[in-house]
1. Which one is surrounded by the fewest Cβ atoms within 10 Å (Cβ to Cβ) among residues in the range 6-26 that are more than 15 Å from N345 (Cβ to Cβ) and either of a type in the set (V, I, T) or not assigned by TED's automatic domain parsing to the domain that holds E89 (or both)?
2. Given the options F82, F63, name the one that is under 14 Å from R12 (Cα atoms), buried (at least 18 other Cβ atoms within 10 Å of the Cβ) and modelled with pLDDT of 85 or more.
3. Can you report the number of residues in the range 305-350 which are of a type in the set (S, T, N, Q) and surrounded by fewer than 16 Cβ atoms within 10 Å (Cβ to Cβ)?
4. Residues being closer than 24 Å to D451 by Cα, acidic (D, E) and either out of contact with any Leu (no Cβ under 9 Å at 6 or more places or on another chain) or surrounded by fewer than 19 Cβ atoms within 10 Å (Cβ to Cβ) (or both): count how many of those fall in the range 379-421.
5. Taking helices (runs of 4 or more DSSP H) that do not extend beyond the range 293-412, which have at least 2 residues that are β-branched (V, I, T)?
6. Which of the residues belonging to the range 547-594 are acidic (D, E) and not assigned by TED's automatic domain parsing to the domain that holds S404?
7. I'd like to verify a number: residues in the range 60-101 that are of a type in the set (S, T, N, Q) and touching a strand residue (DSSP E or B) at 6+ places or on another chain (Cβ under 9 Å), how many?
8. Which residue is farthest from Q7 (Cα to Cα), if the candidates are limited to the range 95-148 and must be part of a strand (DSSP E or B) and aliphatic (A, V, I, L, M)?
Amino acid sequence: MFLTKVQIENFRGVSSLEIEFDHDITVLIGENNSGKTSVLEALRIGMDLIKSDRTFNFSEYDFYRDNEIKKKEQFLPINLTFTFEETEEHQWNDKIVQSLNEVIVGDDYSKIKLRISGWFDEEDGELKQSYCFLDDAGNEMVGKQSFLKEIRKLRPFYYLSALRDAKEEFRSQATFWSAFLKSKSLNDDTRIELESELEEVNKKIVGSHLSFQDVVTEVKQLSTLISVGDANNVSIDPKPADFYKTIRYTDVNIPTVTNTKVPIYNHGEGTQSLCVLLLFSAYLKTRIKVDVNRLAEPIIAIEEPEAHLHPNAIRAIWPILGNLPGQKIIATHSGDILSEVPVENLRRMNRMSNVCECNIIQKDCLTPEELRKFNHQVRRNRGELLFAKKWLLVEGETDVSVVSECAQILEIDIHQCGLRIVEYSQAGGPGLFIKVADSLGIDWHLLADNDQAGDKYIRSAKNLLNGRDESTYITKLSESNMDVLLCVAGYGDPYLDGISTNTTTYPTATWEQVLEEIKETFPEKPGQALNVARKLEDRSNPEITAEEETPEYWNQVYACLKRHFSKPAASLNAIMLIKDRGADGVPEEIKQILEKVNGISGGAQ
C-alpha cells in the first residue's frame, strides 16, 4: 500500500501543488524556498501528528499568506489530500483490504484518499482542524475517522531532519534508541541471575568508597535525637540492581583513529549524522514490525542525508538509503546523491513568482540511447547541473572556458544567477539536454557554431521549441566557431603559432571522382560520404590567401592549424589577453550572449 500522491493547498508558501511519489524512493531537489521542506512538513503533520480534531497541530504560520492575507480571519483553509493506490505490480494484501474495506474506493484497483484540513472558525474565533476519508467523487465519507489509526499502523511515518544530533537521538527517551532499550529479549531466569551479580558488584563499589564512612558515623547520632532502631545498623546501600535500568544508561562508543573509545556525541558532526542515519536504519529493519505492526511498511522522509558528510561518504550512503524498508522521500542539495538516483525518481521543485510547481522527467521523455547518454554526461558526473535555474548549451570545451571567463571579467556571477554552462557535442547534440530542461523547468539557451554541425544542432533545437520564440532560445555565432570569433575580435596571436606549413599530397583526381569513390565505400550513407569528401577537400592543401585580419583570413588560419596543436590552450591564452584589457576587451558578441542568457529567467547581474 503505497502513498502515490499528495495535494497541498494553502500550506506555508504553497498555494497549490500536486506531487506524485515513486513506490520505492523519490528524491526532491530545488533551490532554497522552492517548497521541498513544505512537502516534508505536510507529510509529517498529515501522516504523523494529527490524531484527533480536538488538538490543533498546525500553527498560524502554516497557513499560506501573501500581501493580501495578514489576519487569521483572512486565512484560506489548508487542505492536505493523501492518496494511497494499488497497482497491478503492487497489489494490496488481503488483510489490508479487509481492515480498511470501509474507506477503500476505486473500481479496478483499491484506492484510499485521506484529507487533513485546517481553517479559521469565524463563529468560535479560533483555528481548527479536521480529517476525513473521501469517496470517488471527492466527497467526505462520514463516520470513518477511526480508520486513520489503522492507516498509521500499516503505513507509519518517520521523519529524519537535517539536524541530526547524536546526543539527542541516542538518549534513553529517543524514539529509535529507546525501542532497542525496551526490547524484552531476556528470559526471567537469566535476568534474575544477572541482577544478583550486579547487586554484589554494586555493594563492593559502595563499600570501597571510604568517604561514606564519615556520613555513617554522623548519621548514627540520630538515635540520640529521635527514636529509631539500632543505630549500629546504619548503612549506605546501592540501589537494587535492575537489568533494564542498567541498559538504559549504556553508551555507544566509537574508536577514534588512535583506537580510543569515545561516545558518539563526542565525535564530529559528520560521524554523528551518519550514526543517527544507521540507527534509523537498524530500527526500521529490526524493530518496526515488532513495535508497530507485522504488516507495517513505513513512509520515511529524510531531509538532507548528506548533512556534514564528506563527498566520498555521501556517495557511499546511497546503498544505505536504498536498502531502507518502505517508501522513501528524500530532499537533497547534493549532486553526489543525484549521481546515484535514477532519473525517473527525481522531482524538481520550482517557484515562479508565487506559484510552486513540481516537475518530473516522464518515462517516455528520453529514448534508451538518450537516457544512456544523459546518465553518463550528467547524472553520473555532473549531477549538480540539475539544480541550475538555466543552462547555456554550448558545443565544446573552448565555448565553456571562454564564456565562463568572460562572465567573470564582466563581473557576472553565473552561480548567483543559477546559470550552468553545458557542453553538448559529446552527447551527440543538444536534444536530450533540451528535453530534460523542459521537463524539469530549467530555462535553456543554445549557442551553436556557424558551420554544418552548428546548423544540425540548431535544427534539432528548433524541432523541440513547440512554438516558442527562436530568438529567445537559439543563437548562432557570427563566425564558424568560438576560436575564429576570438581571432576576429583581435585575439588571434596565440593561434598563429599553430599554423602548419606542410601540405598533404593526394592522388590526382577531381573531387567528383573522390566523391563517387566514397559513395561506393558508404553505399548506405550518402550523406556521410559527402561529409567525408568535403573534409578531405578542406584539408588537402590548406593555405592562407585572404587579406590579413579579415574573417576569411582567420578562417584560413584555423584551417591551417597543425593536427596536434592545442586549440583549448590557445583560447586560454586569448582569454589572458582579454583579462589584460578588462571588461572593454570582452568581444561584443559574447557580451550580448551573456546578457540574453542572464535575462531568460530574470537573473541578476
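The values are calculated or read from the model by the stated rules, or taken from the named source; none is laboratory data. These numbers come from a predicted model, not from an experiment. Positions of Cβ are generated from backbone atoms using ideal geometry, with glycine treated the same way; all protein chains shown enter the neighbour counts.
1. Among those residues, the one meeting the criterion is V6.
2. F63
3. Of the residues in the range 305-350, 2 are of a type in the set (S, T, N, Q) and surrounded by fewer than 16 Cβ atoms within 10 Å (Cβ to Cβ).
4. Number satisfying all stated conditions: 1.
5. Of the helices (runs of 4 or more DSSP H) lying wholly inside the range 293-412, those with at least 2 residues that are β-branched (V, I, T) span 311-322, 397-409.
6. Listed by number, the residues that qualify are E547, E548, E549, E552.
7. Final tally of qualifying residues: 5.
8. Only one residue tops the list, namely L127.
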